[in-house]
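Take a look at the structure set out below.
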Amino acid sequence: MTERCQGDTRPRTGPRARTAIVLAAAALLAATSAAFLPGTASAGTTLGASAAEKGRYFGTAVAASRLSDGNYTTILNREFNSVTPENEMKIDATEPQQGRFSYGAAEQIVNHARSRGMSVRGHTLAWHSQQPPWMESMSGSALRSAMLNHVTQVATHFRGQVVAWDVVNEAFEDGTSGARRNSNLQRTGNDWIEAAFRAARAADPGAKLCYNDYNTDNWTHAKTQAVYNMVRDFKSRGVPIDCVGFQSHFNNDSPYVSNYRTTLSSFAALGVDVQVTELDIQGAPAATYRSVVEDCLAVARCNGVTVWGIRDSDSWRASQTPLLFNSSGQKKAAYDAVLAALNNGTTPTDPPTTPPTTPPTTPPAGSCTATLQDSTRWGDRFNSQVTVSGASNWTVVVAVTPPQKVSNTWNGSPTWDSSGNVMTMRSNGSGNVFGFTTMANGTWTRPVVRSCTAS
């Protein structure tokens, strides 16, 4: 997490500036999806289980000091399938003296998570804040060497245990300049971020490597565009960056914005995964929490969401009551909204960054138009609805992806080809809208309309 949100002028006290979070690569998620059902909860009844049904994770920031709190761990073990150490992997915690590394508290969190089938996001390897005094006093080539050694040692120590690293955290200024933050690390040379990513790849080649920042939620902001341009440059030059984390600390001064989904999808279009890494929202409005989760679900490369703490009393912004559980550990309305969003989420598809400008043409004689829309989804199946225009008597051909199978239809007369995956639906006098249920069988690809013919 960062020192403060835009407009938050409180001094950095308490639970130490916010850290960044999460992600798991699609391959890693697939490999561990069976373990993503923590405890004995059945799918659809907890945040982690419901997210896993969509190929995502739902995580939280964890403090080692709270693992002895029974109420805290009960919620953690029941609800989440990913964790991010809150402060225990930061530079001052893992290398308090130069060359002398300390991993005890971080290992406590990692061991707790992995023993319960949860994935772990590493946070953070290189950051201008929460540096130990010995690093704060360094500069130039000595600091560059010390930073790269820290990245290498910590990533190597946890190699194979962390699915993703927030390699670099909060390297850009707020405001309208779009400039890099004038930190001691930036003063070692403009290529320091690239160098950190290359060192992390060498140390832990199996982990996803992320850039993480705050106040990058609004697509029109200069800071967002600056980070976007950096990621685009890195991808064009082969710098090993796999993901971008959006902290999403929303408050009255830095509110959720309607173009948030555009931000996620635009970054994803560069060929990186995106994650919501430190989510907390002042007052925990249910509608806003739901919107954030729905935005992630709508973008194919949004791997998951991490909230920055479990109960309000665990939050670095406790007075703003920004989390899903109150200080007694009871679920808030925001929890119900998030769970509903996860359970109603659709198979993700990246929306176009710009709407089509060519108007639809009138179908030629003998043809019609069939438009497919996603409908209700469950843990093992989903509904689709097709609307036909341009004809009252029609024949529509729809294909599903093996091993999917259509298990139920309505408002039409269906036949299937020999594979059972291509359905020909004919009008039966019930109108121009028909639907069907597809058994996913582990594959959530959207059905495709192949043709529509008027008869």
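The values are calculated or read from the model by the stated rules, or taken from the named source; none is laboratory data. Please read all numbers here as calculations on a predicted model, not as lab measurements. Note that we place each Cβ from the backbone using ideal geometry, even for glycine, and neighbour counts take in every protein chain shown. Quick note on the areas: whole protein, heavy atoms, side chains included, nothing else; ligands and nucleic acids left out. Shrake-Rupley method; radii C 1.70, N 1.55, O 1.52, S 1.80 Å.
At 1.4 Å probe radius, can you tell me the per residue accessible area of the chain in Å²? Let's see the in-between values first.
Numbers: 17460 Å² over 455 residues.
Counting only protein heavy atoms, the per-residue value for the chain is 38 Å².
Ignoring any ligand, DNA or RNA, what whole percent of the accessible area of segment 83-216 comes from carbon and sulfur when the probe is 1.4 angstrom? Before the final figure, lay out each step's value.
On the way: 2100 of 4650 Å².
Reported share for carbon and sulfur atoms: 45 percent.
Using a Förster radius of 60 Å, what is the FRET efficiency between Asp191 and Ser389 based on their Cβ-Cβ separation? Nearest 0.05, please. Spell out each step's value before the answer.
Working: r = 55 Å, r/R0 = 0.92.
Rounded to the nearest 0.05, the efficiency is 0.60.
State the antiparallel share, in %, of DSSP beta bridges confined to the chain, rounding to the nearest 5.
Details: 38 of 72 bridges.
Roughly 55 percent of the beta bridges in the chain run antiparallel, per DSSP.
Find how much the distance from Ala333 to Ser413 grows on full extension, using 0.36 nm per residue of separation minus their present alpha carbon separation; answer in nm with one decimal.
Numbers: separation 80, 0.36 × 80 = 28.80 nm, distance 4.30 nm.
Difference between extended and current length: 24.5 nm.
Compute the length gained on full extension between Asp253 and Val397: take 0.36 nm times their separation in residues and subtract their Cα-Cα distance, giving the result in nm to one decimal. Write down the numbers at each step before the final one.
Details: separation 144, 0.36 × 144 = 51.84 nm, distance 5.09 nm.
Length gained between Asp253 and Val397: 46.8 nm.
Ser139: accessible area at probe 1.4 Å, nearest 10 Å²?
Near enough 80 Å² of accessible area.
Which listed residue (Val62, Val448, Ser427) has the Cα farthest towards the positive end of the charge dipole for the chain, taking +1 on Lys and Arg C-beta and -1 on Asp and Glu C-beta about the Cα centre?
Ser427
How much length is gained on full extension from Ala179 to Ala269, taking 0.36 nm per residue of separation minus their Cα-Cα distance? Don't jump to the answer; show the numbers that get you there.
Numbers: separation 90, 0.36 × 90 = 32.40 nm, distance 2.30 nm.
Answer, rounded to one decimal: 30.1 nm.
Treat each spin label as a single point 7 Å out from the Cα along the C-beta direction, and report the Ala222 to Gln108 distance in nm.
Placing both labels 7 Å beyond Cα along the Cβ direction yields 4.3 nm.
With each label point set 7 Å from Cα along the Cα-Cβ vector, what nm distance links Asn441 and Asn344?
Label at Asn441, label at Asn344, 3.0 nm between them.
What does the highest-first list of 255-264, 438-447, 310-319 look like by mean Cβ count within 10 Å? Mind showing how you got there, number by number?
Values: 255-264: 18.1, 438-447: 16.3, 310-319: 20.8.
Result, highest mean Cβ count within 10 Å first: 310-319, 255-264, 438-447.
Ranked highest first by average number of other Cβ atoms within 10 Å, how do 244-254, 401-411 line up? Don't jump to the answer; show the numbers that get you there.
Values: 244-254: 23.2, 401-411: 14.9.
Result, highest mean Cβ count within 10 Å first: 244-254, 401-411.
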